[in-house]
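The values are calculated or read from the model by the stated rules, or taken from the named source; none is laboratory data. The shown structure was predicted, so the numbers you read here are calculated from the model rather than taken from an experiment. Positions of Cβ are generated from backbone atoms using ideal geometry, with glycine treated the same way; all protein chains shown enter the neighbour counts. In case anyone asks, the SASA skips ligands and DNA or RNA and just uses the protein heavy atoms, side chains included. Shrake-Rupley method; radii C 1.70, N 1.55, O 1.52, S 1.80 Å.
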Amino acid sequence: MLSLSVSLMATWEALSSTMVSGLVSGGPQALVYGLIISFVGSLATAASLAEMASMFPTPGGQYHYIAYLAPVRMRIASSWIAGWITTFGWITVAASAPFLSGTMIQGLVVLNHQTYNYQRWHGTLIYWAILTVSDFTNVFGSRILPMVENLSLAFHIGAFVAVLVVTCVVSPVRHDASFVFIETVNNSGWSNSAVAWCVGLLSSCNVLVGYDGAIHLSEEMKNPRIHVPTAMLGSIIINAMMGFGFLMAILFHMGDLEASLQTATGFPIIQIFLDITGNIHAATALCSTVVIMAGLSSIPLLASSSRMMWVLARDEAFPFPRLLSRMDEKRQIPTNAVHFTSLLLALLGLLNIASTTAFNAVTSLAVFGLQLSYLLPICFLLYRRMASTEPLPYGPWTMGRLGLPINLISVCYLGFTCMFLVFPPYQPVTPENMNYAVVVFGAVCVVSGLYWFVRGRKVYKGPVAPHGF
């Protein structure tokens, strides 16, 4: 489970994709301080969720916690909307890794073959191929999934060491500390540099999400009250350390910033690796580690998102509850939920054929949706700590007296990130660069509300209490 959680987040590989926003808005130091802030905030958030996971070992995670912690009059409605937010947050996060892998393959083709005619549907076909492999691995390779995740963790760490060594040894460039830690860049169009810095800072915050993946697989592991918190906190510590090391190596040894941002490949990291190595084949080899790991992380992402879909259907809070909540007795996994989640992700790929902006509009919900899903139950946990006379049913993993200040740190961090996650990254705002997170989030809420009035209010009575609660 620790291997799955670490591989799912793949922080240093994800930074290869998201760092461009930080380089434009705030510069290298926004990325550095953003990762430090993200580590502290994410660790506090994971610890808060881990304490709840130890109290209530249920795969429903956030929306189940709300159902157990919220005031009685609010439990049904608040857990319903939290369940939908969490589920669609996970579905959009699950789309990000195979899409990164597919489109970076296209970028490498552009690098190696100047005559290649870049077509969006090519990227979608590769995206579908990766989804197919992920689906088959989750269903037909369910028995070897632990081995696959352990091998993924080994590759994740081994590739990090290889990239770090090559970057630090081969690069002809070495920037001074002021470039990395002090200089500010604002090419985003925002007249207010503080706002631009905060928007750029989120490039690092976005790569430390998904640590709740272990929660949604809690019914498939032994002693989840202890092991889920261990996997969550361990995944953040391991990924943050590697992410920081990768970021330091790249920022100190990258070539010209403007040339990287203007690259024809569509990925600044490809141009950065080319500048570092001075060789197309070496740059391709380094980028291939990111491509492979993004493909491997698609497997646990699909596993966690499908479990979230399954448990929501089991509680009759999602359409087709009988079909999606069915458990494959032979494999002991929710096969229908896995296939249905894969189908939804494949349909999302059609948006990329029409417009990459449309696809990004949907995936923009990913981090915002997950961060909001973390914020809501922690707020209710704070309510129970500070305003309720009911004692909390602590599990074997608890923060004790540190719980209250850690919860407050988490709420402040999540409130800050949720606010700036809906800001447009560039000014002036155009249909191509608009941040569609609010639009997509609103659409999810509308669909959720319509289904509530059509069927949900008649059948949804809240989640089934976990065993022993």
Quick one: angle between helix 268-277 and the longest Cα principal axis of the chain, in degrees between 0 and 90, rounded to 10, please. 50
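Rg/Rh for the chain to two decimals, with Rh computed the Kirkwood way over all alpha-carbon pairs.
On the way: Rg = 21.5 Å, Rh = 22.5 Å.
Ratio of gyration radius to Kirkwood radius for the chain: 0.96.
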Work out how much length Leu402 to Ile280 would gain on full extension: take 0.36 nm times their residue separation and subtract the Cα-Cα distance, in nm to one decimal. 38.8 nm
Karplus 3J(HN,Hα) series, Hz, for the stretch 281-289 with 6.51 cos²θ - 1.76 cosθ + 1.60 (x for Gly, Pro): 5, 5, 5, 5, 4, 5, 5, 5, 5
Estimated inter-spin distance, Glu316 and Thr389, nm [label 7 Å along Cα→Cβ]: 3.4
Tail beyond 20 Å, pair distance distribution of the stretch 376-454 (Cα, percent): 57
Given H placed on each backbone N at 1.01 Å, which residues far from Ile333 in sequence or on other chains put an amide H within less than 5 Å of it? Asp328
Give the calculated FRET efficiency between Cys412 and Asp176 to the nearest 0.05, with a Förster radius of 25 Å applied to their Cβ-Cβ distance. 0.15
Computed over the chain: longest principal axis from alpha-carbon atoms vs helix 11-24 long axis, angle to nearest 10 degrees, is 60
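Can you give the Rg to Rh ratio for the stretch 208-356, taking only C-alpha atoms and Rh from Kirkwood?
With Rg and the Kirkwood Rh in hand, the quotient comes to 1.08.
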Near the amide H of Val185, under 5 Å away, which other amide H atoms are found, from residues 5 or more places off or on another chain, if H is placed in the peptide plane? Gly26, Gly27
So how long is each side of the stretch 69-168 along the principal axes, counting just the alpha-carbon atoms, biggest first, in Å? 62, 36, 33
Using θ = phi - 60° and Karplus 6.51 cos²θ - 1.76 cosθ + 1.60, couplings along the stretch 408-425 (whole Hz; Gly, Pro as x): 5, 4, 4, 5, 4, 5, 5, x, 5, 5, 4, 5, 7, 5, 9, 6, x, x
Work out, step by step, the length gained on full extension between Ala154 and Phe453: first 0.36 nm times the residue separation, then minus their alpha carbon distance; give nm to one decimal. 102.8 nm
Taking 145-156, 6-17 and ranking on average Cβ neighbours within 10 Å, highest first, one gets 6-17, 145-156
Between Lys461 and Met241, the two model label points (7 Å from Cα along the beta-carbon direction) sit apart by a distance in nm of 4.8
As a test of the formula, what do you get for the chain when each DSSP H run with n ≥ 4 contributes -39,500 (n - 2.57) and the sum is divided by the residue count, at 222 nm and rounded to the nearest 500 deg cm²/dmol? -23500 deg cm²/dmol
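Once fully extended, how much extra length lies between Arg73 and Ala264, figured as 0.36 nm per residue of separation less the alpha-carbon to alpha-carbon distance?
Working: separation 191, 0.36 × 191 = 68.76 nm, distance 5.53 nm.
Additional length available on full extension: 63.2 nm.
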Would you mind getting the accessible area per residue of the chain, heavy atoms of the protein chains only, 1.4 Å probe, in Å²? 39
Longest the chain segment clear of trypsin sites (Lys or Arg not before Pro) sitting in DSSP loops (not H, G, I, E or B) with at most 16 other Cβ atoms within 10 Å runs 1-173
Evaluate Rg over Rh across the stretch 329-373, taking Cα atoms for both radii and Kirkwood's formula for Rh. 1.14
Over the chain, what is the relative contact order in whole percent, taking alpha-carbon pairs under 8 Å and six or more residues apart? 34
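Given R₀ = 22 Å, what would the calculated FRET efficiency be for Ile353 paired with Glu432, taking r from the Cβ atoms and rounding to 0.05?
The pair Ile353/Glu432 has a calculated efficiency of 0.85.
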Percent of accessible area on the stretch 149-211 owned by carbon and sulfur, 1.4 Å probe? 66
Could you tell me the accessible area of Glu329 in Å² (1.4 Å probe, neighbours in place), rounded to the nearest ten? 140
Rank by packing, highest mean first: peptides 122-130, 229-237, with packing defined as the count of other Cβ atoms within 10 Å averaged across residues. 229-237, 122-130
